Amino acid sequence: MSVLNVQNLCVHFDTSDGVIESVKDISFKIEKGQCLGIVGESGSGKSQSFLAAMGLLAKNGSASGAVQLDGQEILNSPISSLNKLRGKDVGMIFQDPLTALTPHLKIGQQMTEVLHVHTSHSRSDARRHCLDWLQRVRIPDAEKRLNQYPHELSGGMRQRVMIAMAMLCSPKLLIADEPTTALDVTVQAEVLDLISELQEEQGTAVALITHDMGVVARMCDYVQVMRLGKFVEEGPVDSVFENPSHEYTQQLLQAMPRIDATHPIKVQSTPNLLLDAKDIKVHFPFKVGGHLFSRSVPLRAVDGVSFTLNEGETLGIVGESGCGKSTLARALIRLIEPTSGDVSWLGKNLTQLDKNAMTQARRDLQIVFQDPFASLDPRMTISDSIAEPLRTFRPELTSRERRELVQDMMNRVGLDASMTNRYPHELSGGQNQRVGIARAMINKPKLIICDEAVSALDVSIQAQILELLKKLQAEFGMSLLFISHDLSVVKEISDRVMVLYLGRIVELGSSTDVCTNPAHPYTQALISAVPIPDPKLERSRERIRLTDELSSPLDPKAFLRFLPSKIDSNEIDYVPKLSEVAPGHFVAEHDNVV
Amino acid sequence: MGPLLVLAMLSYTIRRLLVAIPTILLLIVACFFLMHVAPGGPFTSERPLPEAVLANIEARYGLDQPLWKQLWDYLTNIVVHFDFGPSFKFKDRDVNDIIAHGFPISLTYGFLAFLAASIVGIALGVAAAIRHNTWIDYFAVCLGVAAQALPNFIMGPILILTFTLWLGLLPGGGWNGGQWQYLVMPVIALSTSYMGSIARITRSSMLEILHSNFIRTARAKGLPEYLIIWRHALKPTLLPVISYLGPVFVYVLTGSVFVDIYFSTGGLGQSYVSSALSRDYAVLLGVTILYGALTVIVNLLTDLAYAWFDPKIRY
């Protein structure tokens, strides 16, 4: 008997715009110990089908069809009978571990209440059982965590707590809804390993909902590709990846940038130095201590980064959350004042410019941000947003000339002329990001910084935006600083790649060198953690694991994580030096750890 | 709470109270000069007093001294003797007397009104949010809006008309040592409009919380609905309510002039307003300082309550 058997499931939502069918007649089964992948882009209905099965739809939603858990019909059962299954026979983990735990309750309270409603454990038994599970998901200092609040734990740690909580009653089915999407790659790798271990040890069936073909390749036995509420393709993972029969599956696979792909290298005729950053530091004061006397220590967000950027070149900056990549980008163009260091831009020192001169210089220094919707003024039409830099830097233009320039730019970035008078909320994320790019491009700047510009977008949209950036670069010859946490995306677009760890460069070189021949253990770990959308390759790859999670930049020892010999010899303030291992390939000093 | 946290809270409280001292001093100085800038004085009237008499009276109350000297005497009297001076209007009563008589009355019905407004308001708001878009919700929203639309100077006469004149159930005014019959109408009149606002804030806050991810997690754990509301949703729901409750607590004590007039309760609100109109400098300043100190303390309590409701807030 299948653990979960879904037949002809449909989900409708009653909205003010009429009835929306978000899931249209889908059927699938999950067997004991199996991992089923449901893959699709946002809005495809993959999450809604599982929420419907568990009776967790929003109030305006309704579901029809049949859902059997272990042979027992559960769809549209009364809440009281569903409550006996939720948390006991079915565990669920969700995408965003930062908001998925109740902020004012201690971890221990949140975990023990599950046992309280489903089992007859005594108080101390329940606590012991929770502690046991926290240790099984490899949370360091598990005992201490029981008495901590969620905000005291990192994102990866919170997701482990979620997994431990979902597994407390040894459920038959674990529903994991984008469990690693909000996490860094190295943390993602560990969380995924953990889930597959549990699946093997406990024989738990796993439903893995994801948009990431790489994650599917690593984890799943069977895969369902979902689009617009329907399954378009299904089958064992190997055959779907080898022989995708549906056009949409092929598209998804093609759109995924791959870390193991090779790209033709752009040939640069005469490298023309554009930007030269020297020893950039950004320190934020951070309050510690706290009773009557608190003192502030510098939090070293960016700590001595130097690099150059040539005309027409793309430099990728990668690193995990908190490594200072966005802070560095903002400090370069003085959206945040750097604490020290010089930025030489076309021979001028940007950090010395006064306010007016800096405003003038900004014409050539543009930036595109991560959240395409939030970074546009909601009260301005998109053409007004695109035209704004023209009003600032070319006030002599007549409104007609301005309109023509805006039209032309919209055309180039692939926005239809009919959209001129639309507002950001009327456009999709991908379209809004095109507006952001058009706004940045309108004055034909010499440098565009893309700060996680494609991270919030679906894979296929992401591929289109990357294509667009490459096309515009070929046309206008601007340089790009491309910041992302996603190494495969950075590799796809960059000529050179810089890897940051806690505000310092650990490796810098051509993208092929860094990605195929990583010399620093941190880069090696990052690369080996990126899932490759090819099940055979992905499962045979050896993974390089780092022992602990990204440590706090307030801990001076964290900076020497890859050079423990200096900690042993008590040189806490030692700054690892960069050395050139091959022409143009720089690596920070490190011991042979890992 | 661990002992470390209690220590942190204690030291925070001490720091805040230390800051309160210059704040209240500044308040006194500002009020003192503002009062004297206003035209007229406590002894000006339509029928002017003979000049010699006026000079005599002013000398008796020290009003002939330069302003800075008056301020200095006033301050030293407070600090050394805790004496806020004599009333200029009511002979044989000093400010300490007036406050000691009026404040307990204001405090009693004000505090009861505060309790009624918060308990009923929060309960109404929570009920409306849980039963969103049902008749309970509509009823609570209507009640909330109606309560908010009726200011206490309208509620007062309506209540007297209904309960005293038509039904004859309750006495129309007076205090009588604070017997419950005398408390009912002042408390209702004072609390309703705040009750309406509290219900509205609670409702929208609870609706937002019920849609958040951690409530979905709680549902996915199979917790019964009452536990989800009580243990997971209530505390975060009340955060915005608390920031509203702090000022309300001070308002219900200061805003009671209408209650004092309609129900002849004899609270401090009436003395406050009449002292301002008649330039009774000492009473006005005394009551202002009292309310200033109260505001400082309530703000501190609000901030401490935040820390209890949200573990992310630490001082």
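Here, each number is a calculation from the coordinates, and none is a lab measurement. What you see is a predicted model; the values in this text were computed from it and never measured. A quick note on method: Cβ atoms are made from the backbone with ideal geometry, for glycine too, and the neighbour counts reach across all protein chains shown.
Just a few scattered comments:
- Of the two radii for the stretch B:98-309, the radius of gyration is 1.05 times the Kirkwood radius, both from the alpha carbons; that is the Rg over Rh value.
- Between the stretch B:285-315 and the stretch A:48-83, the C-alpha centres lie 47 angstrom from each other.
- Net charge of neighbours whose Cβ lies under 12 Å from the Cβ of A:VAL499, counting Lys and Arg as +1 and Asp and Glu as -1: +1
- Partners for A:LYS24 among lysines (Cα-Cα distance below 24 Å; same-chain residues under 8 apart left out): A:LYS46, A:LYS59, A:LYS230
- Going from the fewest other Cβ atoms within 10 Å to the most, the residues B:VAL241, A:VAL223 appear in the order B:VAL241, A:VAL223.
- Among B:GLY172, B:GLY267, B:PHE214 - extreme Cα towards positive end, dipole of the stretch B:98-309, charges at beta-carbon: B:PHE214
- Cα-projected label distance for A:ARG295 with A:ASN8, points at 7 Å along beta-carbon direction, nm: 7.3 nm
- In straight-distance terms, cross-link reach from B:LYS89 covers every one of the aspartates and glutamates whose alpha-carbon lies under 14 Å from its own, apart from those fewer than eight places away in the same chain; here that gives B:GLU58, B:ASP97, B:ASP280.
- With neighbours defined as other Cβ atoms within 10 Å of a residue's Cβ, the residues B:TYR291, B:TYR109, A:TYR501 order from fewest to most as B:TYR291, A:TYR501, B:TYR109.
- Cα-Cα over 32 Å, subset of A:LYS88/A:LYS491; A:LYS325/B:LYS235; A:LYS325/B:LYS312: A:LYS88/A:LYS491; A:LYS325/B:LYS235
- Taking the longest Cα principal axis of chain A as reference, the axis of helix A:382-393 is set at about 30 degrees.
- Label-to-label distance, B:LYS91 versus B:TRP135, with points set 7 angstrom from Cα along the beta-carbon direction: 6.7 nm.
- Average projection area in nm² (convex hull over Cα atoms of the stretch B:231-315, one quarter of hull surface): 7.3 nm²
- Look at the alpha carbon pairs under 8 Å that are at least 6 residues apart: their mean separation over the length of chain A gives a relative contact order of 14 percent.
- Chain B, relative contact order in percent, only Cα pairs under 8 angstrom and at least six apart counted: 25 percent
- Largest GNM mean-square fluctuation among B:SER274, B:SER11, B:SER87, using chain B with Cα springs under 10 Å: B:SER11.
- Whole-Å distance, taken between Cα centres, linking the stretch B:124-177 and the stretch A:349-408: 55 Å
- Chain B: DSSP helices with Cα axial extent of at least 18 Å and average Kyte-Doolittle hydropathy no lower than -1.0: B:3-37, B:67-81, B:95-130, B:135-149, B:180-210, B:234-254, B:281-309
- Listing A:ASP17, A:ASP125 from fewest to most neighbouring C-beta atoms within 10 Å gives A:ASP17, A:ASP125.
- Fraction of antiparallel bridges per DSSP, chain A only, in percent to nearest 5: 60 percent
- Peptide A:98-109 is shielded by partner chain Cβ atoms: per residue, an average of 5 of them sit within 10 Å of its Cβ.
- Charge dipole (the stretch B:1-126, unit charges on Cβ, about Cα centre) - positive-most of B:LEU71, B:THR44, B:VAL19: B:VAL19
- Distances between every pair of Cα atoms in the protein assembly as shown, grouped in 10 Å steps from 0 to the bin holding the largest one, split as 2, 9, 15, 18, 18, 15, 11, 7, 4, 1, 0, 0 percent.
- Distance histogram for the stretch A:320-376 (every C-alpha pair counted, 10 angstrom bins, percent rounded to whole numbers): 20, 50, 26, 5
- When only alpha carbons are used to place a centre, the stretch A:101-179 and the stretch A:560-594 end up 38 Å from one another.
- GNM result for chain B, Cα springs below 10 Å: residue of B:LEU284, B:LEU170, B:LEU183 fluctuating most strongly: B:LEU170
- GNM remark for chain B: springs join alpha carbons under 10 Å apart, and the peak mean-square fluctuation among B:VAL29, B:VAL80, B:VAL145 falls on B:VAL80.
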